[in-house]
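Written below as structure tokens is the structure these notes are about.
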Amino acid sequence: NAVIGRYKLSVQSTSSGSSSPATLGTFVLLFNPWSSGDDVFMPNKAELEEYVLEEFGIIFAGNKNHINSFGWNFGQFQGDILNICLSMLDRSLNYRQDPATDVSHRNDPKYLGRVLSAMVNANDDKGVVLGNWSGNYEGGKSPSSWTGSGEILQNWKKSGFEPVRYGQCWVFAAVLTTVLRCLGIPTRTITNFSSAHDADGNLRVDEFYDASGNHLDRAADSIWNFHVWNESWFSRSDLGPSYSGWQVLDATPQEESGGIYRCGPASRNAIKEGDVDLDYDCPFVFAEVNADCMYWNYDPATGKKTLIFSQSTVIGQFISTKAVGRDDRVDVTNYYKYEEGSTKERKIFKKARKKLGLEDKFDPTAPTQQESDQKPDISGKFKVAGPLEVGKDLSLILVLANLQSDAKTVRVNMTAWSTVYTRRPVHEIWKDSISVTLSPKEEKQFPIKIPYVEYQQQLTTDNTIQITALCHVEGGIQVLVQRDITLDNPAIDIQVLGEAKVNKEVDVEVVFTNPIDMEMMDCVLQVEGNGLLRGILEINVPPLKASEKSSTKFKLIPFETGPKHLLVNFSCDKFADIKTFKMVNV
């Protein structure tokens with residue numbers, strides 16, 4: 001339970017009555033997850049290999065219908081990283097306000113996790129990474145272009161500790177993983193799909209749509225396609241043994257906690273049991289995986305809001321992390337909540353509402369509300385009818401079904417917008433409206449095609465499009481049909497030509513084919529990998545004509561043995577940040 005950090009070491013030698021101390025130098029003391037007395041003790045050897053010693057990770061993204069992933073170089077044991085992590089502690093608000101007290105708490109992983117969750121974002125304290133969710137990343141690097149934490153932490157130090165531009169949730173989470181693993185706290189990244197950002201603490205998220213079906217960016221609440229946070233492993237002497245183990249920390253600046261943008265540590269067990277009154281920030285994390293959704297029609301002219309429908313099973317799906325010792329996805333949803341729709345799950349939700357003093361407030365899922373007495377006359381969904389790839393036309397089918405035994409007339413207003421992964425609308429891509437008559441119990445299909453040339457200019461680096469159909473049923477209630485689409489980038493291929501041996505040159509080839517019938521300009525290849533090359537290799541690739549294949553070769557001189565990961569990021573004016581990685585056995 002000693003305080004971590006840099007210590008001076010000196011030796012006192014006494015001869016003939018006079019003593020003189022001789023300085024031997026300094027050493028750094030870290031948390032020790034191998035030691036059974038330590039707060040961060042982790043008994044499982046394979047988990048220690050993954051959550052403390054492993055410098056490569058996989059982060060999951062996309063959306064609940066379409067999970068994708070990319071590699072990340074945590075690099076917690078490289079070069080100057082330990083020094084930078086220690087200087088982070090000395091730049092925190094806590095240290096600036098009261099250095100002696102701050103240092104005296106540095107034996108406590110709860111304390112350090114909370115302090116570092118604030119320091120990784122730039123808000124409040126000129127921390128490491130500046131967030132930007134606008135879709136416009138001028139004046140910095142786009143969040144999706146990073147491939148590792150090392151460059152970010154080095155840039156922060158080099159600039160005299162000016163915040164690095166720009167990050168989004170996975171960047172904050174990945175940097176926090178690097179820092180905590182570096183200090184000896186077992187840590188992993190967690191991705192939550194359909195993640196709620198409940199700004200007003202009522203365990204529900206409100207979304208607003210106008211009569212044309214446009215998703216209005218007017219609520220503080222939002223439902224992100226995915227959100228990435230951290231879990232760190234340590235005991236909770238403040239709460240008791242049943243709340244020890246994995247703790248949620250979130251460095252993305254979403255809401256203030258005690259006046260500062262930080263979040264956690266929230267015990268994962270407390271989240272599952274609905275114990276939202278326990279430290280720290282449990283209500284926010286509970287809402288991220290459990291909030292109910294309310295979809296409203298909003299008339300900007302009159303300010304009138306009408307509830308379209310509510311859902312209680314949409315939020316918090318496919319909660320994912322990298323497997324121990326393998327490059328696979330592991331689903332950890334059942335550690336965050338009981339099965340969706342089960343009586344136990346609703347019981348926990350009620351318990352959380354009660355603890356937050358919400359039980360006498362409007363409960364969107366209670367069936368007694370007069371709003372939900374009127375049932376919709378029709379149902380609808382969007383089906384995918386073609387490849388979801390950047391560079392290809394987007395083909396969908398709107399399926400509408402009449403649930404009643406009399407004919408229905410429906411006016412359908414459809415829109416498609418490019419969004420960032422938080423589902424914030426950025427550019428309108430397409431709109432259309434149709435009038436439909438559905439005979440009793442009839443189902444009709446309406447094909448929709450959005451050509452590549454129409455969405456190409458509007459797409460953000462997240463490759464996400466939200467398509468919405470607001471159906472006005474004559475004499476009935478409105479029905480909202482929507483789908484979030486994540487388009488895949490084309491594939492890129494890495495080949496290591498020959499055997500990789502320490503201190504011997506080996507050739508690597510990166511192959512990419514232009515899949516569109518337009519020229520690709522400004523092509524840049526970025527390569528990094530611990531033990532394989534120092535720093536980041538940047539290669540300018542000549543423009544690629546339509547359907548042309550490019551092959552880029554470069555040499556590596558590996559300097560460490562064992563399994564290493566080579567990470568590649570390819571960008572051009574038509575495609576942002578095509579990523580892949582390759583395991584290289586040196």
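The values are calculated or read from the model by the stated rules, or taken from the named source; none is laboratory data. These numbers come from a predicted model, not from an experiment. Cβ atoms come from the backbone with ideal geometry, glycine included; neighbour counts cover every protein chain shown. Accessible surface is based on the protein model in full, side chains and every heavy atom, while ligands, DNA and RNA are left aside. Shrake-Rupley method; radii C 1.70, N 1.55, O 1.52, S 1.80 Å.
At a Förster radius of 35 Å, what calculated FRET efficiency corresponds to the Cβ-Cβ distance of HIS427 and SER551, to the nearest 0.05? Approximately 0.50, to the nearest 0.05. Any chance you could give the angle, 0 to 90 degrees and rounded to 10, that helix 109-119 forms with the longest Cα principal axis of the chain? So the inclination is approximately 70 degrees.
Over 23 Å apart at the Cα level, from the set LYS449/LYS549; LYS64/LYS110; LYS272/LYS350; LYS322/LYS582; LYS555/LYS582; LYS64/LYS304, are LYS449/LYS549; LYS64/LYS110; LYS64/LYS304. Shown for segment 374-486 is the translational diffusion coefficient from the Stokes-Einstein equation, using the Kirkwood radius over Cα pairs, a temperature of 20 °C and a viscosity of 1.002 mPa s: 146 µm²/s.
FRET efficiency for the pair LEU497 and ILE397, taken as 1/(1 + (r/R0)^6) with r the Cβ-Cβ distance and R0 = 51 Å, rounds to 0.70.
Students often get this wrong, so try it: which of [x] 47, 27, 25; [y] 48, 35, 22; [z] 45, 33, 19 is semi-axes √(5λ) of the Cα gyration tensor in Å as calculated from the structure shown? It is the value labelled [z].
Residues PHE581, PHE284, PHE77, sorted by accessible area with the largest first, give PHE77, PHE581, PHE284 [1.4 Å probe; ligands and nucleic acids excluded]. For the chain, the longest principal axis of the alpha carbon atoms and the long axis of helix 169-182 meet at an angle near 20°.
In this calculation the C-beta distance from SER104 to THR437 is compared with R0 = 51 Å, giving a FRET efficiency of 0.10.
Once the Cα atoms of helix 149-158 and of the chain are each reduced to a long axis, what angle between those two axes, in degrees from 0 to 90 to the nearest 10, is obtained? The answer is roughly 60 degrees. Taken as Cα centroids, segment 244-283 and segment 3-79 sit 24 Å apart, rounded to the nearest whole angstrom.
Calculated on C-alpha atoms, the gyration radius of segment 58-356 divided by its Kirkwood radius gives an Rg/Rh of 0.97. A simple packing score, the average count of other Cβ atoms within 10 Å per residue, orders the peptides 265-274, 11-20, 217-226 as 265-274, 217-226, 11-20, with the highest score first.
Near LYS408, once Lys and Arg are set to +1 and Asp and Glu to -1 for all other residues with Cβ below 10 Å from its Cβ, the sum equals -4. Beyond 29 Å in Cα-Cα separation lie the following of the pairs LYS158/LYS579; LYS126/LYS553; LYS126/LYS305: LYS126/LYS553; LYS126/LYS305.
Basic side chains Lys and Arg get +1 at the Cβ, acidic Asp and Glu get -1 at the Cβ, and with that the dipole of segment 492-585 about its Cα centre reaches some 340 debye.
Taking the Cα centre of the chain as reference, the dipole from Cβ charges on Lys and Arg (+1) and Asp and Glu (-1) amounts to some 600 debye. Checking the Cα-Cα distances for LYS383/LYS441; LYS45/LYS504; LYS504/LYS564; LYS157/LYS564 against a 23 Å cut-off, the pairs over it are LYS45/LYS504; LYS157/LYS564.
Taking every protein chain into account, the 1.4 Å probe leaves HIS427 with about 80 Å² of accessible area, to the nearest ten. Taking amide H positions as modeled 1.01 Å from N, with prolines and chain starts lacking one, the residues under 5 Å from ASN32 and 5 or more places away or on another chain are VAL40.
In the context of the full protein assembly, MET583 retains an accessible surface of approximately 90 Å², using a probe radius of 1.4 Å and ignoring ligands and nucleic acids.
Under a 5 Å amide H cut-off, with hydrogens placed 1.01 Å from N, SER69 pairs with ALA61 among residues at least 5 apart or on other chains. Ordering ASN230, SER92, ALA301 by Cα displacement along the dipole of segment 58-356 toward the positive end leaves ASN230 in first place; charges were set at the Cβ atoms of Lys, Arg (+1) and Asp, Glu (-1).
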